[in-house]
Structures are given as C-alpha cells and as structure tokens.
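I have placed the structure first, in the form of structure tokens, so that the comments after it can refer back to it.
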Amino acid sequence: MTQTIDSGQGRGTAHAAPTLDEVAQAAGVSRSTASRAINGGHRVSPEAQLAVDDAVERLGYVPNRAARSLVTRRTGSVALVLPEPDERVLNDPFLTGTLRGVSSALGTSELQLVLIMARPGDQDGRIARYLGGGHVDGAIVASHHREDGLEEDLARSGMPSVFVGRPFEPENHLYVDVDNFDGGRQAAQRLIDRGCRRITTISGPLDMTAGIDRLDGWAAALRAAGFETDGVEHGDFTMAAGSAAAERLLARVPDLDGIFAASDAMAAGAVRVLREHGLSVPDDVAVVGYDDLGFAVASTPQLTTVTNPVSVLAGEATMLLLDVLAGAEAPVAPTVLPAELVVRASA
C-alpha cells in the first residue's frame with residue numbers, strides 16, 4: 001500500500017511506508033529478531049538491539065498496532081491455560097510458579113496475559129471454544145491431563161501454542177520440559193545408594209506425562225538393582241493424597257524403608273503419616289520428593305528432592321511462543337532441562 005506525501009517542495013512521489021522486513025534487512029538481523037527488538041527486546045543481544053533501533057530511526061519505521069491488528073486479526077493477548085480447579089491454581093507451588101514465569105517472560109512486551117482455569121468437572125470444550133474464538137493470539141498450556149482434550153483441540157485449530165510438560169503426542173506440539181524420567185531414576189538411586197532395600201513410591205496422576213515419566217524412572221532404577229517394583233500407590237500431587245497413599249503403603253508393605261513421592265507436597269504428607277506411626281525419617285524410612293518449590297525446605301526434616309525449575313520452564317515456553325508469533329521458524333527438538341537431585345536430611 002502506498003500513499004502520496006508532500007515534501008514541502010511541491011508534490012512528491014508516492015513511497016511505501018517501511019516494513020518490518022526492511023528494518024530487519026537494514027539492521028542485518030532476522031525478521032523475528034527485529035520484531036522482538038521492537039516489541040520489548042526479549043532474547044535480543046545489545047548489538048542487535050542497537051542495530052534495530054538505528055534502522056528504525058533511519059527508515060522512520062512506526063509500528064501501527066491498530067492497523068496491524070485489523071490486517072492480521074491479532075488480539076495482542078496470549079493465554080495461560082491451567083486445566084485445574086481454582087483452588088489448586090492458587091495453592092499449588094508448581095502452578096503459581098508457572099504463572100510467575102510466564103508473567104515475567106512477557107516483561108515489557110505489550111501482550112496481555114489471559115489466565116484460563118478449568119471448573120471442576122469441566123470437560124465440555126469450554127476452553128477449546130474460547131481459544132478458537134479469536135480472543136487470543138496463542139496459548140501456553142501447563143498441568144494438562146489426557147482427558148482434557150487440549151492437545152487434540154489445539155492441533156486441530158492450528159493456534160500457536162507451547163506446552164509446559166511433554167504432551168502425550170509430542171510430535172504434534174511444541175513443548176518444554178524437565179527430564180522427569182531421569183528425575184525419578186535419580187530419586188530411586190539415592191534411596192538405593194543409601195542402603196534402602198524395600199523402596200516404594202507414591203506416583204503422580206497417570207493421566208499426566210510427568211506422573212508416568214517419574215514412575216517409569218523409579219521403576220527402571222529398581223529393576224537395574226534387582227529390586228521389586230510392586231510398591232506403588234498413586235496420588236494427585238497434593239499433601240492429602242500423599243498422606244492417604246502412605247497409609248496404604250504401610251498397610252500393604254509394612255517393611256518399607258524408602259519412599260519416593262512424585263511431588264514434595266505428597267512427600268510432606270507421607271512424612272506426617274510416618275511420624276504418626278512412630279517411624280523416624282530418615283532412620284526408619286528415607287523419603288525423597290520432587291519439585292523443590294517450597295515444601296522441601298518447610299518440611300521437618302527437610303526433604304531430599306529433585307528440582308523442577310518451573311519458572312524457567314514457563315519462561316522458556318513463553319519466549320518460544322513469542323518467537324513463533326514473531327514469525328520465527330519453530331525448533332525441531334523440544335527444550336528438555338536436566339533433572340538435578342538436591343540432598344537434604346530426609347534421605
């Protein structure tokens with residue numbers, strides 16, 4: 001589109017307004033880097049930022065956000081989708097850490113964050129309808145479950161999206177994750193190395209890939225050591241679930257001497273039950289948790305645990321979504337951070 005301008009010396013020639021591609025070319029950077037530099041400077045080196053700022057000034061580039069919204073139908077908003085009930089989102093350190101990580105990564109960008117939570121029992125497609133209704137430009141999804149249908153809905157819609165945590169069909173989605181399999185393996189190996197011989201676990205939900213992967217890692221370590229893998233009870237990552245699962249384990253495996261709980265909240269619940277049964281941690285039963293997001297240091301004794309760097313993961317997911325929205329080519333491989341064991345008094 002061109003317009004006629006008056007140079008002050010008579011009628012001038014029509015010139016097209018400078019485009020983002022021309023700014024990128026003048027600055028010697030990619031289009032996505034130029035877009036990020038103009039929209040807040042996320043993941044842009046100081047040198048590239050200076051080059052883009054100089055090109056913007058020289059070319060007289062002015063991003064017309066209102067016009068661009070009409071042309072591209074962009075809303076200027078992204079969604080953080082947490083398919084969990086309200087009280088869980090407000091109290092679970094993983095979910096609050098995810099919210100902090102996304103909000104921090106958006107930083108000075110002009111994108112607004114829309115938080116979407118599930119109502120208890122909400123499986124009627126409400127979230128999918130909202131996401132498909134043109135209300136947001138992209139979505140970050142965390143704490144997703146197999147039955148919530150978000151993977152299928154987002155794959156069909158084609159909406160730019162990034163998952164925090166491996167999807168069940170990873171080939172269809174962008175995602176970032178921590179190596180939960182190795183985290184479960186390291187937790188079990190710590191109990192083995194400490195001398196435990198009847199090692200049990202309180203797994204996370206098996207409709208979540210994190211629950212499956214941590215359980216599989218635990219089982220792999222025990223099989224390699226020649227131990228039984230039948231000491232399994234399941235929970236939902238909450239303290240109450242950890243307490244209930246620990247009661248079941250003690251009734252079924254009374255000679256247990258090690259517990260790996262797939263979240264620190266469940267580990268804290270297990271420690272409480274062990275104490276009520278007159279068992280000392282770690283002298284009678286050693287306990288390892290997972291997350292290192294608050295419960296670990298608040299527990300007595302403090303928990304040996306595996307780190308789950310949720311704020312980093314959420315930030316990485318947000319930056320990846322911003323890159324995609326800016327036109328960058330999606331990465332071929334996911335970002336998977338290593339799991340790290342933190343040894344404290346409980347094991």
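Applying the selection to the range 195-230, what residues are in contact with a Ser or Thr (Cβ under 9 Å, 6 or more places away or on another chain), surrounded by 16 or more Cβ atoms within 10 Å (Cβ to Cβ) and either of a type in the set (K, R) or assigned to a loop (DSSP other than H, G, I, E, B) (or both)? If the condition is that a residue be in contact with a Ser or Thr (Cβ under 9 Å, 6 or more places away or on another chain), surrounded by 16 or more Cβ atoms within 10 Å (Cβ to Cβ) and either of a type in the set (K, R) or assigned to a loop (DSSP other than H, G, I, E, B) (or both), then G204, M208, R214, T229 are the ones that fit.
Restricting attention to the range 77-106, the residues that are of a type in the set (V, I, T), more than 23 Å from G134 (Cα to Cα) and either surrounded by fewer than 24 Cβ atoms within 10 Å (Cβ to Cβ) or more than 14 Å from the chain's Cα centre (by Cα) (or both) add up to 2.
If the condition is being crowded, with 22+ Cβ neighbours inside 10 Å and either charged (D, E, K, R) or modelled with pLDDT under 90 (or both), then the range 119-136 contributes I127, L131. The residues in the range 152-174 that are outside any loop (DSSP other than H, G, I, E, B) and touching a strand residue (DSSP E or B) at 6+ places or on another chain (Cβ under 8 Å) can be counted, and the count is 6.
If we scan the range 268-281, do we find a residue that is closer than 14 Å to V178 by Cβ and either at pLDDT below 95 or touching a Ser or Thr at 6+ places or on another chain (Cβ under 7 Å) (or both)? No: the range 268-281 contains no residue that is closer than 14 Å to V178 by Cβ and either at pLDDT below 95 or touching a Ser or Thr at 6+ places or on another chain (Cβ under 7 Å) (or both).
Summed over the range 300-319, residues that are touching a strand residue (DSSP E or B) at 6+ places or on another chain (Cβ under 9 Å) and in a loop (DSSP other than H, G, I, E, B) total 4.
Table: residues versus (1) closer than 30 Å to L106 by Cβ; (2) without any contact (Cβ under 8 Å) to a residue 40 or more places away in the chain.
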| position | (1), (2) |
| --- | --- |
| E151 | yes, yes |
| D179 | yes, no |
| D193 | no, yes |
| R197 | no, no |
| T200 | no, no |
| M208 | yes, no |
| D213 | yes, no |
| A221 | no, yes |
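Going residue by residue through the range 152-160, is there one that turns out to be under 26 Å from I38 (Cβ atoms), modelled with pLDDT of 85 or more and not polar (S, T, N, Q)? Checked the range 152-160: at least one residue is under 26 Å from I38 (Cβ atoms), modelled with pLDDT of 85 or more and not polar (S, T, N, Q).
The values are calculated or read from the model by the stated rules, or taken from the named source; none is laboratory data. Remember, it's a predicted structure, so these values are computed and weren't measured experimentally. Cβ atoms come from the backbone with ideal geometry, glycine included; neighbour counts cover every protein chain shown.
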